[in-house]
Amino acid sequence: VQLQASGGGLVQAGGSMRLSCAASGNNFVYNSMAWYRQAPGKERELVASITSGGTTTYADSVKGRFTISRENAKNTVYLQMNSLKPEDTAVYYCYSDLWGNHYWGQGTQVTVSS
């Protein structure tokens, strides 16, 4: 599985941004997908995840502001980010778990200015 993330950039605090992650292969519907992020000097952390059945989980820091969704027909997972804060600044990584095999995308930079 290859993962291609896009949609990062620079946004002002309070703004919105949507990240996309397109996956290769014919088994996307079976993938559990997630978004992680890593800020400078910090460990990578889970932001949000969505199972093949559509069950979602979120980090406490983004609950109510971020929404993860998937579009199986397009082999794509999204992360809608609203009410962005400077502390959301990080490189965001797409992650896939397909039958116990783990895959990472290349990362996309999100910078939130105050």
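The values are calculated or read from the model by the stated rules, or taken from the named source; none is laboratory data. Quantities reported herein were computed from a predicted structural model and do not represent experimental measurements. Glycine also receives a Cβ, built like all others from the backbone with ideal geometry; neighbour counts cover every protein chain displayed. Quick note on the areas: whole protein, heavy atoms, side chains included, nothing else; ligands and nucleic acids left out. Shrake-Rupley method; radii C 1.70, N 1.55, O 1.52, S 1.80 Å.
Surface composition of the chain: carbon plus sulfur atoms hold 46% of the accessible area, using a 1.4 angstrom probe and ignoring ligands, DNA and RNA. Taking amide H as placed 1.01 Å from N in the peptide plane, Ser61 has no amide H partner under 5 Å among residues 5 or more places away or on another chain.
Taking loop as defined by DSSP and a crowding limit of 15 other beta carbons within 10 Å, which GluC sites (Glu not before Pro) in region 25-114 fit?
Hits after loop and neighbour filter: Glu43.
Solvent-accessible area per residue in the chain equals 52 Å², computed with a 1.4 angstrom probe and all protein chains kept.
Neighbours of Ser114 by Cβ distance under 14 Å: Lys/Arg scored +1, Asp/Glu scored -1, total -1. Remark: spin-label model distance Thr111-Val29 equals 4.2 nm, labels positioned 7 Å along the Cα→Cβ axis.
All other residues with a Cβ under 11 Å from the Cβ of Val91 taken together, and with Lys, Arg as +1 and Asp, Glu as -1, what is their net charge? Each step should come with its number before you reach the end.
On the way: positive: Arg37, Lys42, Arg44; negative: none.
Spelling it out: positives minus negatives among the neighbours equals +3.
Full extension from Thr51 to Leu10: what is 0.36 nm times the residue separation minus their Cα-Cα distance, to one decimal in nm? Before the final figure, lay out the partial values.
On the way: separation 41, 0.36 × 41 = 14.76 nm, distance 2.90 nm.
Residue separation times 0.36 nm, minus the Cα-Cα distance, leaves 11.9 nm.
Averaging sequence separations of C-alpha pairs under 8 Å and six or more residues apart, then dividing by the length of the chain, give the relative contact order as a whole percent.
Values: 278 pairs, mean separation 41.9, N = 114.
In percent, rounded to a whole number, it is 37.
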